[in-house]
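Nothing in this text is a laboratory measurement; each read-out follows from the coordinates by a stated rule. Note that the structure is predicted; figures quoted are calculated from it, not measured. When we count neighbours, we look across all protein chains shown, and the Cβ atoms used for this are built from the backbone with ideal geometry, even at glycine.
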Amino acid sequence: MSELSFTQRFHAYANPTRFMTLSGKLVVPLGIVTAVLIGAGLYFALLNSPVDYQQGETVRIMYVHVPSAWLGMFAYMVMASASLIALVFRHPLADVCAKSAAPLGAAFTFLALATGSLWGRPMWGTWWVWDARLTSMLILLFLYFGYIALWATIEEPVRAARAAAVLALVGSINVPIVHYSVVWWNTLHQPASVFRVDGPEIAGSMLIPLMLMAVGFTFFFVTMLLVRMRVEILRRRVRALRLATAEV
Amino acid sequence: MMRAFLSLVKRDVALATQVGGGGGMAVFFFLVAVSLLPLGIGPNLNLLAKIAPGLLWVALLLSSLLTLDRLFQADFEDGTLDALSMGALPLELMVSAKIMAHWLTTGLPLVVAAPFLGLLLNLGSAHFLPLVGAMLLGTPALSLLGAIGAALTVSVRRGGLLASLLVIPFYLPVLIFGVAAAGSDVAMPGVSQQAMLLLGAVTLVSLVLGPVAAAAALRANLRS
């Protein structure tokens, strides 16, 4: 495989069997890296990082809340890119990727909202507030639910794939809105501290565990994405076999 | 092509008005929903006056959502959509014609009914004109964006609820700016002009996004 160019390999792994072989080899190593990164991140986050001078120990929720929010948006971008590739290039595994990414993204978004509520109660005195950041994250969750519901409702996989791809692309306008919501509106949620034009303004001792957790979560996402894609390919094979036996 | 566009609009308007049920039932639902709200919230006229623009917009949204499956489903089931997709008009223009007919027979009657229903909610006299203006500007966006949900679920037999759920995230900017443009003092005091302009922007974006996305969704559903 190494003598092929990138585009040739892109098309080569469109073959589900080749994808299954490669992903089968990757899942366990990626899982190990995930465990190591999250383990190290949790050590630094819970034990070896400073407390905030205002918030005390509750600031440690940030190390779960922020990476979850990042992954929720990252998963939507993966979903939207895969949908674009599915619609434009008709890559056979692109819609499998998008379908598999959706529940992961929804889970991360829900986790971000839940940990945010748990953090907001001691810090702001309220479980929820209808400001721009929280509302747009809630809309992101609704978009995920709608996407999953569309896949579940349309029975025929090819038709479902294309319809879901259109929905994912139309909804992708929400992702920049979520990110810039704290810039465009005066919100209760704090403004961006890491992904800014001027660079991160967060202390290094807090940035390191945050980044460890973020990269660990990303590896978790990639591992689970590959696992879900493998399951979806197997599910489609079962369906094809069932249809074939039904014809006989 | 203009003739084909106009004749499709005329056909859809004729179907909606003669076969019945579309616009009339939407207005009836609008009336019922607005009547339910004071029964639930309490008849305090001062409170109702403060929240009337928001309540009217939410009821308008819900009434609009209910009419979405009339957009494509009937034509899909009897094969007319297949014939239209092979006709003179590009799919995006065909979808635009249907959306225009939908707005004329559903959105416009709702906007006409809104000031009368505002009386039921003790809407302040200063808010009537901005409210109608905002609704006139916003209801085309509701039809345009709703067509996306209707097109995505056209092949699903009882897809009305799913279409509504898919479309609600896209309706939210229309709702937020529409309520602010209606001069709601409680929601966002003093920003009604900017909100009206932003509402216009949302409608213009949906003028492009709606037919293109709906046509893409119809292509996905028609082909397979």
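Place a point 7 Å from the Cα of B:A74 along the Cα-to-Cβ direction; which residues of the range B:1-44 have their backbone N under 13 Å from it?
B:11-25
Quick one: grab the alpha carbon gyration tensor of the range A:101-244, order the square roots of its eigenvalues as a ≥ b ≥ c, and give me rounded if a/c is under 1.5, else prolate or oblate depending on whether a/b is larger than b/c.
Prolate is the answer for the range A:101-244, as a/c is 1.5 or above and a/b outweighs b/c.
What full-extension length gain, to one decimal in nm, is calculated for B:M25 and B:M1 as 0.36 nm per residue of separation minus the Cα-Cα distance? Show your work: numbers first, answer last.
Details: separation 24, 0.36 × 24 = 8.64 nm, distance 3.24 nm.
Residue separation times 0.36 nm, minus the Cα-Cα distance, leaves 5.4 nm.
To the nearest 10 degrees, how steep is helix A:204-247 against the longest Cα principal axis of chain A, on a 0 to 90 scale?
Approximately 20 degrees, to the nearest 10.
Would you please state the base-10 log of I(q)/I(0) at q = 0.13, 0.24, 0.25 1/Å for the range B:43-116, with intensities from the Debye formula using one equal scatterer on every alpha carbon?
For the range B:43-116, the Cα-only Debye profile gives -0.54, -1.09, -1.13.
Students often forget the sequence filter, so: which lysines lie under 29 Å Cα-Cα from B:K10 once same-chain residues fewer than 8 apart are removed?
B:K98
May I ask you to order A:25-34, A:223-232 by the average number of other C-beta atoms within 10 Å around their residues, highest value first? Mind dumping the intermediate values first?
Details: A:25-34: 14.3, A:223-232: 18.3.
Peptide ranking by packing, descending: A:223-232, A:25-34.
Using only the Cα atoms, what convex hull volume per residue in Å³ does chain B have? Spell out each step's value before the answer.
Details: hull volume 24.9 nm³, N = 224.
Value for chain B: 111 Å³ per residue.
B:K10 versus A:R121, label points 7 Å from Cα toward the beta carbon: distance in nm?
6.4 nm
Could you work out the relative contact order of chain A? I mean the mean sequence separation of Cα pairs under 8 Å and 6+ apart, divided by the number of residues, in percent. Could you put the intermediate results ahead of the total?
On the way: 260 pairs, mean separation 78.1, N = 248.
With pairs under 8 Å counted, the relative contact order is 31 percent.
From the helices alone, meaning DSSP H stretches of at least four residues, give me the mean residue ellipticity at 222 nm for chain B, per-run term -39500 (n - 2.57), in deg cm²/dmol to the nearest 500.
Working: 10 runs with 175 residues, N = 224.
Helix contribution divided over all residues of chain B: -26500 deg cm²/dmol.
Counting only other chains, what is the mean number of Cβ atoms within 10 angstrom of the Cβ of each residue in peptide A:159-171? Can you show the working numbers first?
Details: counts 7, 5, 2, 8, 14, 3, 3, 13, 7, 0, 2, 14, 4.
That average works out to 6.
Relative to the longest principal axis of the C-alpha atoms of chain B, give the angle of the C-alpha long axis of helix B:108-120, reported between 0 and 90° and rounded to the nearest 10°.
Compared with the principal axis, the helix lies near 20 degrees.
Calculate how steeply helix B:45-66 sits against the longest principal axis of the alpha-carbon atoms of chain B, using the helix alpha-carbon long axis, and give the answer as 0 to 90 degrees to the nearest 10.
That works out to roughly 10 degrees.
Could you compute the FRET efficiency for A:Q55 and A:W128, with r as their C-beta to C-beta distance and R0 at 22 Å, rounded to 0.05?
Between A:Q55 and A:W128 the formula returns 0.75.
Roughly how crowded by other chains is peptide B:158-168, in terms of the mean Cβ count from those chains within 10 Å of each of its Cβ atoms? Write down the numbers at each step before the final one.
Numbers: counts 1, 3, 0, 2, 6, 2, 1, 5, 11, 1, 4.
The per-residue average across the peptide is 3.
Please give the Cα centre distance for the range B:8-87 versus the range B:201-217, rounded to the nearest Å.
After rounding, the separation between the Cα centres reads 19 Å.
Based on the alpha-carbon gyration tensor of chain A and its eigenvalue square roots a ≥ b ≥ c, which shape applies: rounded if a/c is under 1.5, prolate if not and a/b is larger than b/c, or oblate?
prolate
Can you list residues whose amide H is under 5 Å from A:D52's amide H, if they're 5+ apart or on another chain and H is modeled 1.01 Å from N?
A:V59
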